[in-house]
1. If you go through region 310-333 one residue at a time, do you hit one that is in contact with a strand residue (DSSP E or B) (Cβ under 8 Å, 6 or more places away or on another chain) and at pLDDT below 95?
2. Which number in (1) within 15 Å of the chain's Cα centre (by Cα); (2) crowded, with 23+ Cβ neighbours inside 10 Å marks the one condition that residue 276 misses?
3. Cβ contacts < 6 Å: first residue aliphatic (A, V, I, L, M), restricted to region 1-20; second residue assigned to a helix (DSSP H, G or I), any location; separation 6+ or different chain. Result?
4. Tell me, which residue of region 2-60 that is crowded, with 21+ Cβ neighbours inside 10 Å and among the hydroxyl-bearing types (Ser, Thr, Tyr) is farthest from residue 340 (Cα to Cα)?
5. In region 198-271, which strands (runs of 3 or more DSSP E) lie fully inside it and hold 3 or more residues that are touching a residue at least 40 places away in the same chain (Cβ under 8 Å) and either not assigned by TED's automatic domain parsing to the domain that holds residue 132 or not basic (Lys, Arg) (or both)?
6. Restricting attention to region 299-312, does a residue exist that is over 22 Å from residue 118 (Cα atoms), surrounded by fewer than 17 Cβ atoms within 10 Å (Cβ to Cβ), among the basic types (Lys, Arg) and out of contact with any Cys (no Cβ under 7 Å at 6 or more places or on another chain)?
7. Go through region 149-185 and report how many residues are modelled with pLDDT of 95 or more and in a helix (DSSP H, G or I).
8. Suppose we filter region 1-36 for residues that are touching a Phe, Trp or Tyr at 6+ places or on another chain (Cβ under 7 Å), under 20 Å from residue 316 (Cα atoms) and assigned to a strand (DSSP E or B); how many remain?
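The values are calculated or read from the model by the stated rules, or taken from the named source; none is laboratory data. Worth saying up front: this structure is predicted, and the values here are computed from it rather than measured. Cβ atoms come from the backbone with ideal geometry, glycine included; neighbour counts cover every protein chain shown.
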Amino acid sequence: MRTIVALPGDGIGKVVLDESIRVLNAVGFEANYVHGDIGWEFWCKEGNALPERTIKLLEEHKIGLFGAITSKPKDDAVKELAPELQDKGYVYFSPIVGLRQHFNLDICVRPCKAFKGNPLNFIRKDGKGGFEEPAVDAVIFRQNTEGMYGGIEWTNPPKNVRDAFETHPKMKGFKHVPSEEMAISTRIVTKKATERIIRAAFEYAKKFGYKNVTVCEKPNVLRETSGMYLKTAKQIAKEFPGIDLWDTNIDAQMMWLTKNPENYGVLVSENMFGDIISDGFAGLVGGLGFACSANIGDEVAVFEPTHGSAPKYAELNPSIVNPIAMILSACMMLDHIGENDKAEKIRKAVAEVIGEGKVKTYDMMKLRGSAKAIDEGAATTQQMGDAIIEKLK
């Protein structure tokens, strides 16, 4: 029997993870779930949101199912440390980013597919006085370990760092800015990681019948880093003659999202741009309540919804949050370990519940997120899980 490391994290992560495990049990997936400590609680009391014991669990069992985390700016994070940890030099770092970098979970896959009947699906005018609902089915491949999220940055950069940057002619424009008034972030892109994410995108497109792969970057401005993406994609595209290679600038792509989203199949981007474009596409298929993702490395893989911990909803009893993104993330986990039939059964059950429209969480009813939403007809988190499980019977 397979062992899955259950990483509830913070806030609503605990609630939606429980629902996903209920659904996994209902579809007949047999597994042992071992708890992994991760998140804000462990930052506050240990000074580490990703304890070494959790890393060891993932090293042993290889698969993680992750809920959500709370992250706060540096100064706010330090203020919430336990008194005995104050002024000890602890620096908060996102544990999910830490997992990605420690295990080199460099391939992030974020499907954004519209379910028929979802009242939150994107619609547009059809030019004839009516409306149409495009069939959005995009999959974003986000490079997960490099780029702007690599974490290599400085406030008040030390002299050796400042001197190194001064060797670039563009730094002349900042010559008179004192270092103590300067913050620097880097965008580091490597050939090996770029080739790996782009090849994964093309292989996915070929496997699942997508007709195009779009490199979504900004090579007209970021000539070196985005330029590496586009150059590499052109080389790899030659190996996939049946798939068209497109390239778009990230800013233009965000505009085209509401013009012709159905034209796009697989998209591939650097870390930050992939984060942006995947949230944009998620907005067309119902929002973050429907946005699932996979973080995949050579040995370890972690599956998570892309929403945050939503602490303002965490204490509501009963819970009102939408568990579908977490449930769909569990489906991605099943696909990864070869349980494709069970994954498809769950997706079919989700589609049937959405299509019927009888059970809707508050976001699907466009209600304000509060306890009052239940009185207005919204389903609880557990009721949505129950409805999906009923379809599996």
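1. yes
2. With respect to (1) within 15 Å of the chain's Cα centre (by Cα); (2) crowded, with 23+ Cβ neighbours inside 10 Å, residue 276 is out only on (2).
3. Listed pairs, sorted by first residue: 5/57; 5/58; 5/61; 12/313; 12/314; 15/381; 16/326.
4. My answer is 54.
5. Values: elements: 212-217, 244-249, 266-269.
Filter on region 198-271 gives 212-217, 266-269.
6. Among the residues of region 299-312, at least one is over 22 Å from residue 118 (Cα atoms), surrounded by fewer than 17 Cβ atoms within 10 Å (Cβ to Cβ), among the basic types (Lys, Arg) and out of contact with any Cys (no Cβ under 7 Å at 6 or more places or on another chain), which makes the answer yes.
7. Going through region 149-185 one residue at a time, the tally reaches 17.
8. Final tally of qualifying residues: 1.
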